[in-house]
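Asker: After the C-alpha cells below, expect a handful of questions from me.
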Amino acid sequence: MSRVNPMEALDYMPHPLIIVTAGDPDKPGRRGGMTAAWACRASWDPPLVAVAIAPERFTLELIREKGEFVINVVGPSLRDAAFGVFGSVSGRQVDKFEKSGAKMVKAKSVTAPALADAVVSIECKLEKIVEAGDHMLVVGRVVDAYKMREEEPLVFHLWRARELK
Ligand SMILES: Cc1cc2nc3c(=O)[nH]c(=O)nc-3n(C[C@H](O)[C@H](O)[C@H](O)COP(=O)(O)O)c2cc1C
C-alpha cells in the first residue's frame, strides 16, 4: 500500500464518455455540445442524471437558455469527434456539428439536438443546477431515450478512452 495524491486517485475511477448536446438544432450559432466524463446517475425515481460542467462552457449557457439537453453516449464511431472537436474547441467560435461531421438529428421529446452515431441518446429536461466548487452540477430528468447504434460504449479511464473487453 502506498499513499497517493487524492486527485490522482480519482482518475482510477472509470468514467463514462459522453457528448452533451444542447441548444436549437435549427440555429447554427445557438447549438452545440461538449465532451464530458464527469457524469453519473443521480436518482432512480425520479430518473435523474448529473453532469459536472465548468461555468465557462458554452454548452452550459445553452442548457440554461433552453432548459434541456441530450446525453450522447460515445462509442468508437464518435471517438474522433469527442476528442478532436466536442472536447477541444468552444461552440462560441465554431459549429461543432459542421466541423466534426457528426450527424445531428432532432431529439424526440426535447428540442435539443442529438447525435445519430451515439450508442444511446438520453433526452433530459433541466431539473436544477447546483454550484459544486469549480464546476456546476447540472441535474437533468430523463424524459426519453433511444438506442442509436449497435456499438459498445467507450470508458474514460486514466485519461484515455478505452474499449470494453
Ligand atoms: C475526455 C474529455 C472529458 C471532458 N470532461 C469534461 C467534464 O466532465 N466537464 C467539463 O466541464 N468539461 C469537460 N471536458 C472539456 C470540454 O469538453 C471542453 O472544454 C469543450 O471544448 C467545451 O465546449 P463548449 O465551450 O462549446 O461547451 C472534457 C474534455 C474531454 C476531451
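Asker: Can you confirm whether region 66-75 contains a residue that is closer than 18 Å to Ala114 by Cβ, assigned to a helix (DSSP H, G or I) and in contact with a strand residue (DSSP E or B) (Cβ under 9 Å, 6 or more places away or on another chain)?
Answerer: Within region 66-75, one or more residues are closer than 18 Å to Ala114 by Cβ, assigned to a helix (DSSP H, G or I) and in contact with a strand residue (DSSP E or B) (Cβ under 9 Å, 6 or more places away or on another chain).
Asker: Regarding Val85, is this residue within 12 Å of the ligand (Cβ to nearest atom), among the β-branched types (Val, Ile, Thr) and assigned to a helix (DSSP H, G or I)?
Answerer: yes
Asker: Name the residue that is farthest from Leu158 (Cα to Cα), counting only residues in region 34-61 that are more than 7 Å from the ligand (Cβ to nearest atom) and in contact (Cβ under 8 Å) with a residue 12 or more places away in the chain.
Answerer: Pro46
Asker: Taking region 94-112, which residues are not hydrophobic (A, V, I, L, M, F, W, C) and not in a helix (DSSP H, G or I)?
Answerer: Those that are not hydrophobic (A, V, I, L, M, F, W, C) and not in a helix (DSSP H, G or I): Asp95, Gly101, Lys103, Lys106, Lys108, Ser109, Thr111.
Asker: On to the next question. Would you confirm whether any residue within region 32-40 is under 23 Å from Tyr146 (Cβ atoms), in contact with a Cys (Cβ under 9 Å, 6 or more places away or on another chain) and of a type outside the set (Gly, Ala, Ser)?
Answerer: So far as region 32-40 goes, no, none of its residues is under 23 Å from Tyr146 (Cβ atoms), in contact with a Cys (Cβ under 9 Å, 6 or more places away or on another chain) and of a type outside the set (Gly, Ala, Ser).
Asker: So Met13 clears everything in (1) under 18 Å from Glu151 (Cα atoms); (2) of a type in the set (A, V, I, L, M, F, W, C); (3) assigned to a loop (DSSP other than H, G, I, E, B) except one condition, right? Which one?
Answerer: Single failed check for Met13: (1).
Asker: Checking the conditions here, which among Asp80, Asp24 is surrounded by 15 or more Cβ atoms within 10 Å (Cβ to Cβ) and more than 7 Å from the ligand (Cβ to nearest atom)?
Answerer: Answer to the selection: Asp24.
Asker: Please state which one of Arg31, Arg64 is more than 9 Å from the ligand (Cβ to nearest atom), surrounded by 15 or more Cβ atoms within 10 Å (Cβ to Cβ) and not aromatic (Phe, Trp, Tyr).
Answerer: None of the others qualify; the one that does is Arg31.
Throughout, read-outs are computed from the coordinates displayed, never taken from laboratory work. The structure displayed is predicted, hence computed values, not measured ones. Neighbour counts run over all protein chains shown; Cβ positions are idealised from the backbone, glycine included.
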